[in-house]
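In what follows, a structure is listed as structure tokens, so that the remarks can point back to it.
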Amino acid sequence: MSETYFAGTYWGPRKEPPEECARRMEVFLAGLRDVDPLFVRWFQPGKSRKDALKRLIEPNRKELTRLVLRGKDRAFEDLGFRISGWNGAGDDDEATGFDVHCGGYTNVVRNTCVFTLPGREPNADRVLTAPVLAGLLRVSAIAWEPNWGIATSHAHRGLIDARSIKGAPRVGWVTYLARHLGTVPPLPAPVRIERVEDRGTLITLTPERFTVDNPEHVALAEQVRELLDGAGLLKPAQPQS
């Protein structure tokens with residue numbers, strides 16, 4: 001497999017205390033357990049693999065509040081908190097991790113929840129599927145209430161970043177758009193549209209693995225992007241400098 005993949009959700013400035021970020025993190029970790037066995041337990045990064053495996057993230061509110069506070073920026077309060085997790089599976093190509101930036105209320109940085117995903121089998125064959133990637137974005141949407149999210153290959157991101165407006169939602173293999181961005185219009189087959197509670201909408205372009213080596217996939221992504229843009233859903237969530 002030549003393409004590698006990621007998933008991420010993004011939102012604008014939102015001032016939140018550590019207790020609220022911990023509550024969201026608790027919801028996030030609980031939801032991930034139902035997505036795939038690879039996401040059941042998480043460790044804090046350490047100086048080495050051996051060190052990290054001793055730093056299990058306890059998914060309860062009290063411990064998560066402590067974890068959030070340890071991720072506070074010491075110089076600038078408005079930068080919020082950063083929390084990272086690693087699942088401890090195999091070597092780097094088999095493992096996955098997340099990096100959350102929450103509680104920030106400055107335009108200098110974005111609040112984000114981004115996953116690194118396994119790059120080779122056996123985990124990649126199971127995780128890099130439309131249902132699992134949609135599950136990651138669904139859990140992130142429920143926990144963090146982002147403006148938008150995307151799961152796609154790094155190669156595809158390179159294509160779309162070159163012609164996208166800074167701060168505007170991107171359209172990938174799986175896309176999440178918050179309800180406040182607008183109403184998702186009818187989209188062509190085989191695109192799947194599904195609601196995420198009262199939060200927003202998941203859009204999955206194709207049930208098979210999306211790749212830039214397939215021109216039909218790239219063309220479908222562009223067609224959907226044009227339809228969503230025409231409906232006003234791909235505007236930057238906040239003014240850009």
Next item on the list: Can you confirm whether the range 179-197 contains a residue that is touching a Gly at 6+ places or on another chain (Cβ under 7 Å) and either under 17 Å from Phe115 (Cα atoms) or at pLDDT 95 or above (or both)?
Entry: yes
Check: If you go through the range 32-52 one residue at a time, do you hit one that is under 24 Å from Glu197 (Cβ atoms), basic (Lys, Arg) and either within 21 Å of the chain's Cα centre (by Cα) or assigned to a strand (DSSP E or B) (or both)?
Finding: yes
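Quick one: in the range 34-68, of everything that is of a type in the set (A, V, I, L, M) and touching a helix residue (DSSP H, G or I) at 6+ places or on another chain (Cβ under 7 Å), which residue is nearest to Gly85 (Cα to Cα)? It would help to see each step written out before you state the result.
Pass one, the range 34-68, residues of a type in the set (A, V, I, L, M): 35, 38, 40, 52-53, 56-57, 64, 67-68.
Imposing the further condition that a residue be touching a helix residue (DSSP H, G or I) at 6+ places or on another chain (Cβ under 7 Å) reduces the set to 35, 38, 57, 64, 68.
Details: Val35: 16, Leu38: 12, Ile57: 8, Leu64: 12, Val68: 12 Å.
Across the range 34-68, the extreme among qualifying residues is Ile57.
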Notebook entry, point to check: What is the number of the single condition among (1) in contact with a His (Cβ under 7 Å, 6 or more places away or on another chain); (2) charged (D, E, K, R); (3) exposed (fewer than 14 other Cβ atoms within 10 Å of the Cβ) that Arg33 does not meet?
Noted result: (1)
Checklist line | Selected residue (only one of Ala237, Ala221 is touching a helix residue (DSSP H, G or I) at 6+ places or on another chain (Cβ under 9 Å), crowded, with 18+ Cβ neighbours inside 10 Å and modelled with pLDDT under 95) | finding: Ala237
Checklist line | Single residue of the range 114-141 satisfying the filter (farther than 16 Å from Glu94 by Cα and in contact with a Pro (Cβ under 7 Å, 6 or more places away or on another chain)) that is surrounded by the fewest Cβ atoms within 10 Å (Cβ to Cβ) | finding: Ala130
Next item on the list: Would you mind telling me which numbered condition in (1) at pLDDT below 95; (2) under 19 Å from the mean Cα position of the chain (by Cα); (3) under 28 Å from Gly167 (Cα atoms); (4) of a type in the set (Asp, Glu) Asp99 fails?
Entry: (1)
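Per-residue answers, yes or no, for (1) closer than 22 Å to Ile142 by Cβ; (2) free of Cβ contacts under 8 Å to residues at least 24 places away in the same chain; (3) within 19 Å of the chain's Cα centre (by Cα):
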residue: Pro185; (1), (2), (3): no, no, no
residue: Pro188; (1), (2), (3): no, no, no
residue: Val196; (1), (2), (3): yes, no, yes
residue: Gly200; (1), (2), (3): yes, no, yes
residue: Asn214; (1), (2), (3): no, yes, no
residue: Val218; (1), (2), (3): no, no, no
residue: Val224; (1), (2), (3): no, no, no
residue: Asp229; (1), (2), (3): no, yes, no
Notebook entry, point to check: List pairs: first in the range 16-35 and without any contact (Cβ under 8 Å) to a residue 24 or more places away in the chain, second surrounded by fewer than 19 Cβ atoms within 10 Å (Cβ to Cβ), Cβ under 8 Å, 6+ apart or cross-chain?
Noted result: Arg33/Val40
Notebook entry, point to check: Of the residues that make up the range 104-119, is at least one small (Gly, Ala, Ser), closer than 14 Å to Leu29 by Cβ and touching a residue at least 40 places away in the same chain (Cβ under 8 Å)?
Noted result: no
Checklist line | Checking Ala124 against (1) more than 30 Å from Gly12 (Cα to Cα); (2) within 13 Å of the chain's Cα centre (by Cα); (3) among the hydrophobic types (A, V, I, L, M, F, W, C), the condition it does not meet | finding: (2)
Note to self: Which of the numbered conditions does His180 fail, given that it passes all the others? Conditions: (1) farther than 30 Å from Glu19 by Cβ; (2) more than 14 Å from the chain's Cα centre (by Cα); (3) of a type outside the set (Lys, Arg).
What the structure shows: (1)
Notebook entry, point to check: Is the range 90-106 home to any residue that is of a type in the set (A, V, I, L, M), within 21 Å of Arg195 (Cα to Cα) and in contact with a strand residue (DSSP E or B) (Cβ under 9 Å, 6 or more places away or on another chain)?
Noted result: no
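The values are calculated or read from the model by the stated rules, or taken from the named source; none is laboratory data. Predicted, not measured: the structure shown is a model, and the values here were computed from it. Don't worry about glycine lacking a Cβ; one is built from the backbone with ideal geometry, like all the others, and counts go over all protein chains shown.
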